[in-house]
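The values are calculated or read from the model by the stated rules, or taken from the named source; none is laboratory data. As the structure is a prediction and not an experimental result, all values here were calculated from the model. Note that we place each Cβ from the backbone using ideal geometry, even for glycine, and neighbour counts take in every protein chain shown.
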Amino acid sequence: MSGAAVNWRGIAAIYRFELHRFGRTFWTSLMTPVITTSLYFIVFGSAIGSRMAEIDGIPYGAFIVPGLIMLSMLQESIFNASFGIYMPKWTGTIYEILSAPLSPLETVIAYVGAAASKSMIVGLVIFATAHLFVDVEVLHPLMMLAFMAVIAISFCLFGFILGIWAQSFEQLQFVPLLVIMPMTFLGGAFYTITMLPDPWRTITLFNPVIYLISGFRWTFFGQGDVAIGISLSVIAAMLLACTGMVIWVFRTGYRLKK
């Protein structure tokens, strides 16, 4: 690679390899969120929805769709990105990647781009599955896709950092299962925070996931738990923080060259 030219061939090679790994388990990877989404609609949409007809004028079945999409996308983004970079570390092939004619930026674009693509596919599959159970109209479809892309990239960057930090498969699963999943369930995925009494309503505002789900729900219905400007600010801050952390990792070689 000469000058400031981008090694698109190298980026494409890693990107295709990661998508090929996804393709080997394509149906399993897609059927899992479809079945899970269907179960959520049976339990939450039917059992609970029959007792809670509407929230802020929105049918409960439609209300939980953005939360279901976010719940799966956050998990998929972190898992795909962390596993994608952890496996080269585990097998020792990370040194081949580091010695290849790829800049840190190009390496991140390839791995994060592939993981974000998988996450977007899963999110869109869940969105399509939701239409089998409820009628969902999207008020701002382009904003919805933009939100999905930015959130997928942000959490794929976070997953990339997690994959570099983790030194075992147990550590790789610790954060998604014991941190991200509870934060998602407590982030308004299946309810609005206005339903919570104080001080829990105030405490919930310290959960960053509430801003992601609220902003994403705004793209569907034009309303959310917090103002859309605040949601966009939080997402931008998360994206910048994860980008800065990735830059630091490559500059210091943290757990890459050991």
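Return the residues of the range 84-101 that are surrounded by fewer than 21 Cβ atoms within 10 Å (Cβ to Cβ), out of contact with any Leu (no Cβ under 7 Å at 6 or more places or on another chain) and of a type outside the set (S, T, Y); say none if nothing qualifies. Quick ask: steps written out before the conclusion?
Filtering the range 84-101 down to residues surrounded by fewer than 21 Cβ atoms within 10 Å (Cβ to Cβ) leaves 87-101.
With the extra rule that they be out of contact with any Leu (no Cβ under 7 Å at 6 or more places or on another chain), the set shrinks to 87-93, 95-97, 99-101.
Selection gives M87, P88, K89, W90, G92, E96, I97, A100, P101.
Go through the range 10-33 and report how many residues are buried (at least 16 other Cβ atoms within 10 Å of the Cβ) and more than 30 Å from E96 (Cβ to Cβ).
2
Identify all residues within the range 119-138 that are part of a helix (DSSP H, G or I) and either of a type in the set (K, R) or touching a residue at least 60 places away in the same chain (Cβ under 8 Å) (or both); write none if there are none.
Of all residues in the range 119-138, those part of a helix (DSSP H, G or I) come to 119-130.
Result: I121, V122, V125, I126, F127, T129, A130.
Note down all Cβ pairs under 8 Å where the first residue falls in the range 215-240 and is more than 26 Å from I161 (Cβ to Cβ), the second is loosely packed, with under 14 Cβ neighbours inside 10 Å and among the β-branched types (V, I, T), and they're at least six residues apart or on different chains.
Close Cβ pairs (under 8 Å, with a partner that is loosely packed, with under 14 Cβ neighbours inside 10 Å and among the β-branched types (V, I, T)) amount to D225/T194.
Quick check on this structure: which one of L186, L205, L178 is surrounded by fewer than 13 Cβ atoms within 10 Å (Cβ to Cβ) and out of contact with any His (no Cβ under 6 Å at 6 or more places or on another chain)?
On the way: L186 fails: surrounded by fewer than 13 Cβ atoms within 10 Å (Cβ to Cβ); L205 fails: surrounded by fewer than 13 Cβ atoms within 10 Å (Cβ to Cβ).
Selected residue: L178, the only one of L186, L205, L178 that is surrounded by fewer than 13 Cβ atoms within 10 Å (Cβ to Cβ) and out of contact with any His (no Cβ under 6 Å at 6 or more places or on another chain).
Filter the range 56-66 down to residues that are part of a helix (DSSP H, G or I) and crowded, with 24+ Cβ neighbours inside 10 Å and give me whichever is nearest to the chain's Cα centre (by Cα).
Across the range 56-66, the extreme among qualifying residues is P66.
Going through the range 187-209 one residue at a time, which ones are touching a residue at least 12 places away in the same chain (Cβ under 8 Å) and of a type in the set (F, W, Y)?
Selection gives F190, Y191.
Given the conditions (1) on the phi > 0 side of the Ramachandran plot; (2) at pLDDT 90 or above, which single one is not true for G188?
Failing condition for G188: (2).
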